[in-house]
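*Asks:* Sharing a structure, written as structure tokens. Questions coming.
The values are calculated or read from the model by the stated rules, or taken from the named source; none is laboratory data. Predicted, not measured: the structure shown is a model, and the values here were computed from it. Cβ placement follows ideal geometry from the backbone for every residue including glycine, while neighbour counts extend to all protein chains displayed.
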Amino acid sequence: MTREEIIKPENLVYKKTPVLTSNVMHYCPGCGHGLVHRIIAEVIEEMDIQDKTIGVAPVGCAVLAYNYFDVDCIEAAHGRAPAVGTGIKRLYPNHFVFTYQGDGDLAAIGTAETIHAANRGENMTMIFVNNGIYGMTGGQMAPTTLKGMKTSTSPYGRDLQTMGNPLKITELIAQLPGALYVTRQAVHTPALARKCKKAIRQAFENQKLNQGTSFVEIVSNCNSGWKLPAVKANEWLEENMLPFYPLGDLKNNK
Amino acid sequence: MKELKLMKGNEAIAEGAIRCGCDGYFGYPITPQSEILEHLMLENPYEKTGMVVLQAESEVASINMVYGGASVGKKVMTTSSSPGVSLMQEGLSYIAGAELPALCVNVVRGGPGLGTIQPSQADYFQSVKGGGHGDYRLITLAPASVQEMYDFVELGFDLAFKYRNPVMILSDGIIGQVMEKVEVGEHKPRWTDEYIAKTYPWAATGKPKTRGHNIITSLNLQSAEQEKLNIRLQAKYKECEVTEQRYETFQCEDAEYILIAYGSSARICQKVLELARAEGIKLGLIRPITLWPFPSKIIHEIGLKTKGILSVEMNAGQMVEDVKLAVECKVPVKHFGRFGGVIHTPGEILEALKNF
């Protein structure tokens with residue numbers, strides 16, 4: 001096949017969704033954020049809701065998410081995305097609102113906003129990317145850092161006695177009556193990425209029901225912060241993160 | 001026909017919000033301003049105008065709900081009192097940085113710390129000089145009556161949208177709690193979503209095919225870009241300083257001495273004027289209505305013709321610094337104030353004036 005033949009529309013096997021901009025992503029090669037972005041953007045495209053979707057970006061690695069989603073976006077203060085999302089959704093109840101946060105943003109500094117937004121049952125989609133570390137600031141300990149895991153602020157490994165326990169915030173959210181759909185997914189294999197897309201699709205579709213919050217955790221890697229090559233990082237994720245943060249639906253009341 | 005109501009200052013804020021077409025209120029209870037949220041809940045405006053009223057989990061959440069609502073072009077507000085407003089400073093800085101219109105009310109109580117629940121004016125610096133991080137300004141309105149509590153909600157929204165900047169109504173526990181007669185206006189309709197999308201093209205209302213995506217952010221990774229934003233903000237503040245200085249003067253025509261006071265202090269000072277004039281002291285009063293932009297022009301103009309200026313504040317001396325700057329220290333300027341929640345009496349103020 002010549003190049004000209006390959007690029008004919010009928011021969012295309014993959015096309016970037018138009019809901020992602022053409023901006024070059026700043027994420028490290030091998031990081032899960034890019035995949036999660038693509039899945040969300042594809043869901044928005046497939047549901048044909050680009051003009052009615054408003055995204056809220058966090059502070060953390062995904063702080064520039066607004067440069068990649070071709071939807072109207074708001075950059076929230078650290079941890080406050082669920083409060084910002086609440087303000088938007090209450091005033092545009094027929095729009096689709098999603099928040100996008102990492103573990104430090106959602107499960108440390110923003111714990112109160114996370115719990116209370118879900119407890120009120122705010123009718124929005126909360127995306128939570130958990131890689132057990134503060135990526136953007138250079139690999140410090142996060143609320144979800146595993147026992148014994150080495151980070152720049154737990155250089156001898158997380159000591160549960162002095163540093164506290166890794167927080168299973170998704171399990172907490174699942175206890176709340178306001179939460180309609182709570183699930184934990186991953187994207188480090190094609191099969192898991194496809195499953196994750198189904199979950200994110202449901203989390204967006206749920207907004208049509210107006211019955212509560214949809215919360216999707218994605219257990220992801222941080223090969224830079226974990227100081228591992230990308231493939232090794234995914235293996236480490238399988239061996240260490242998933243036993244503590246098991247995949248699957250925690251609650252599906254739809 | 002005029003519609004008159006007897007109400008508390010705090011209730012007037014709530015009523016002003018409902019009647020001016022406010023879209024959303026997000027707040028958290030704190031004395032001495034809880035009647036605002038209570039009155040809104042009681043009136044249930046969602047049923048009448050569609051105005052959203054939500055009790056948030058904290059002041060931090062409240063101001064960020066306001067940030068969200070302002071990002072999508074809606075008329076949104078929050079209210080609190082001193083310790084709660086301290087918690088909102090991060091959010092106010094973001095709102096200023098992202099150039100969003102929003103309204104905040106501070107019914108000030110004595111500080112620092114948990115302080116007291118009695119009235120105070122000790123949050124002048126916080127509101128007028130910054131409070132949060134970065135080079136930004138809050139347009140600050142100081143009501144001196146329940147009527148102004150009502151009127152300044154609509155005025156506050158007008159200024160917020162005109163300048164795309166947060167506006168603070170800096171009230172205090174007296175004005176919040178006192179009951180007075182208020183002339184209320186007609187119910188104005190809330191803006192439609194179509195009107196907002198057309199009139200405020202920056203708002204993140206959902207991206208139609210006809211425009212690029214709108215981004216609301218206060219982040220610039222390049223310092224040169226962040227400097228450009230700051231230059232734009234400063235130009236806006238300059239314009240505001242030229243066009244928005246508001247004040248009221250009392251018996252300044254022949255005044256040899258001037259009192260400068262805002263809010264409930266200005267009400268007390270009106271009594272001082274009566275007492276002083278009865279004793280033959282030629283005393284005038286300037287009441288700043290905007291604390292930022294500070295009415296420096298009129299204070300300079302009148303102040304320079306006097307023998308001295310007494311800045312009367314329920315704090316340890318905050319506005320007095322701006323008065324000195326306004327008259328370029330060419331006239332003696334002194335401060336008198338009680339603080340920590342104590343309200344000064346007209347007699348005390350007159351005494352301070354006599355000892356000037």
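*Asks:* Quick test of your reading of the structure: B:V342 fulfils all but one of (1) within 25 Å of B:M149 (Cα to Cα); (2) touching a helix residue (DSSP H, G or I) at 6+ places or on another chain (Cβ under 8 Å); (3) of a type in the set (V, I, T). Name the failing condition by number.
*Replies:* (2)
*Asks:* I'd like to check something: does the range B:170-186 contain any residue that is surrounded by fewer than 14 Cβ atoms within 10 Å (Cβ to Cβ) and out of contact with any strand residue (DSSP E or B) (no Cβ under 8 Å at 6 or more places or on another chain)?
*Replies:* The answer is yes, given that some residue of the range B:170-186 is surrounded by fewer than 14 Cβ atoms within 10 Å (Cβ to Cβ) and out of contact with any strand residue (DSSP E or B) (no Cβ under 8 Å at 6 or more places or on another chain).
*Asks:* B:K162 - would you say it is at pLDDT below 95, surrounded by fewer than 18 Cβ atoms within 10 Å (Cβ to Cβ), more than 17 Å from B:S80 (Cα to Cα) and not hydrophobic (A, V, I, L, M, F, W, C)? Don't jump to the end; show me each part of the working.
*Replies:* Values: at pLDDT below 95: no; surrounded by fewer than 18 Cβ atoms within 10 Å (Cβ to Cβ): yes; more than 17 Å from B:S80 (Cα to Cα): yes; not hydrophobic (A, V, I, L, M, F, W, C): yes.
Considered against the rule, which asks whether it is at pLDDT below 95, surrounded by fewer than 18 Cβ atoms within 10 Å (Cβ to Cβ), more than 17 Å from B:S80 (Cα to Cα) and not hydrophobic (A, V, I, L, M, F, W, C), B:K162 comes out as no.
*Asks:* Next up: Name, by its number, the condition in (1) crowded, with 16+ Cβ neighbours inside 10 Å; (2) in contact with an Asp or Glu (Cβ under 9 Å, 6 or more places away or on another chain) that does not hold for B:G308.
*Replies:* Going through (1) crowded, with 16+ Cβ neighbours inside 10 Å; (2) in contact with an Asp or Glu (Cβ under 9 Å, 6 or more places away or on another chain) one by one, B:G308 breaks only (1).
*Asks:* Sticking with this one: Inside the range B:187-218, can you point out the residues that are at the interface with chain A (Cβ under 7 Å from one of its Cβ atoms) and in contact with an Asp or Glu (Cβ under 6 Å, 6 or more places away or on another chain)?
*Replies:* Correct list: B:A204, B:G206, B:K207, B:P208, B:H213, B:N214, B:T217.
*Asks:* So if I check each of A:I44, A:I88, A:I49, which one is surrounded by fewer than 24 Cβ atoms within 10 Å (Cβ to Cβ) and more than 15 Å from B:L219 (Cα to Cα)?
*Replies:* Only one candidate qualifies: A:I49.
*Asks:* Which number in (1) over 30 Å from A:H116 (Cα atoms); (2) within 12 Å of chain A (Cβ to nearest Cβ); (3) not basic (K, R) marks the one condition that B:Y136 misses?
*Replies:* Every condition holds for B:Y136 apart from (2).
*Asks:* Also: Within the set of pairs 6+ apart or on separate chains, which have a first residue in the range B:331-356 that is of a type in the set (A, V, I, L, M), a second that is surrounded by fewer than 17 Cβ atoms within 10 Å (Cβ to Cβ) and not in a helix (DSSP H, G or I), and C-beta atoms under 7 Å apart?
*Replies:* Filtered contacts from the range B:331-356: B:V331/B:L304; B:V331/B:G308.
*Asks:* Can you pull out the strands (runs of 3 or more DSSP E) entirely within the range A:20-118 that have at least 1 residues that are at the interface with another protein chain (Cβ under 8 Å from one of its Cβ atoms) and within 16 Å of the chain's Cα centre (by Cα)?
*Replies:* Numbers: elements: A:53-57, A:72-75, A:96-102.
So the answer is A:53-57, A:72-75.
*Asks:* For the range B:46-102, please list each of the helices (runs of 4 or more DSSP H) lying entirely inside it that holds at least 2 residues being facing chain A (nearest Cβ under 8 Å).
*Replies:* Per the criteria, B:59-71, B:89-97.
*Asks:* Quick one: is B:L273 over 30 Å from B:G68 (Cβ atoms) and free of Cβ contacts under 8 Å to residues at least 24 places away in the same chain?
*Replies:* Yes: the conditions hold for B:L273.
*Asks:* Do we find that A:T153 is at pLDDT 95 or above and either more than 14 Å from every other protein chain (Cβ to nearest Cβ) or touching a Phe, Trp or Tyr at 6+ places or on another chain (Cβ under 8 Å) (or both) in this structure? Lay out the reasoning, then the answer.
*Replies:* Working: at pLDDT 95 or above: yes; either more than 14 Å from every other protein chain (Cβ to nearest Cβ) or touching a Phe, Trp or Tyr at 6+ places or on another chain (Cβ under 8 Å) (or both): yes.
So A:T153 passes the test.
*Asks:* Residues in the range B:174-182: is at least one within 14 Å of the chain's Cα centre (by Cα) and either modelled with pLDDT of 95 or more or within 20 Å of B:N106 (Cα to Cα) (or both)?
*Replies:* yes
*Asks:* In the range B:22-45, how many are under 19 Å from the mean Cα position of the chain (by Cα), over 18 Å from A:I115 (Cα atoms) and within 13 Å of chain A (Cβ to nearest Cβ)?
*Replies:* Summing the residues that are under 19 Å from the mean Cα position of the chain (by Cα), over 18 Å from A:I115 (Cα atoms) and within 13 Å of chain A (Cβ to nearest Cβ) in the range B:22-45 gives 3.
*Asks:* Considering only residues that are in a loop (DSSP other than H, G, I, E, B) and touching a Leu at 6+ places or on another chain (Cβ under 7 Å), look in the range A:198-246 and name the one that is nearest to A:M124 (Cα to Cα).
*Replies:* Filtering the range A:198-246 for residues that are in a loop (DSSP other than H, G, I, E, B) and touching a Leu at 6+ places or on another chain (Cβ under 7 Å), the one nearest to A:M124 (Cα to Cα) comes out as A:G212.
*Asks:* Also, quick follow-up: Mind checking whether some residue in the range A:127-140 is of a type in the set (S, T, N, Q), part of a loop (DSSP other than H, G, I, E, B) and farther than 18 Å from A:A203 by Cβ?
*Replies:* Yes, there is a match, as at least one residue in the range A:127-140 is of a type in the set (S, T, N, Q), part of a loop (DSSP other than H, G, I, E, B) and farther than 18 Å from A:A203 by Cβ.
*Asks:* Ok, one more. Of the residues that sit in the range A:169-197 and are of a type in the set (V, I, T) and part of a helix (DSSP H, G or I), which one is farthest from A:L242 (Cα to Cα)?
*Replies:* Per the stated criteria, the residue is A:I173.
*Asks:* If you don't mind, there's one more thing I want to ask. Which pairs turn up if I take residues in the range A:198-221 that are farther than 28 Å from A:M241 by Cα and look for partners that are assigned to a strand (DSSP E or B) and at pLDDT below 95 with beta carbon separation below 7 Å, at least 6 apart in sequence or on another chain?
*Replies:* none
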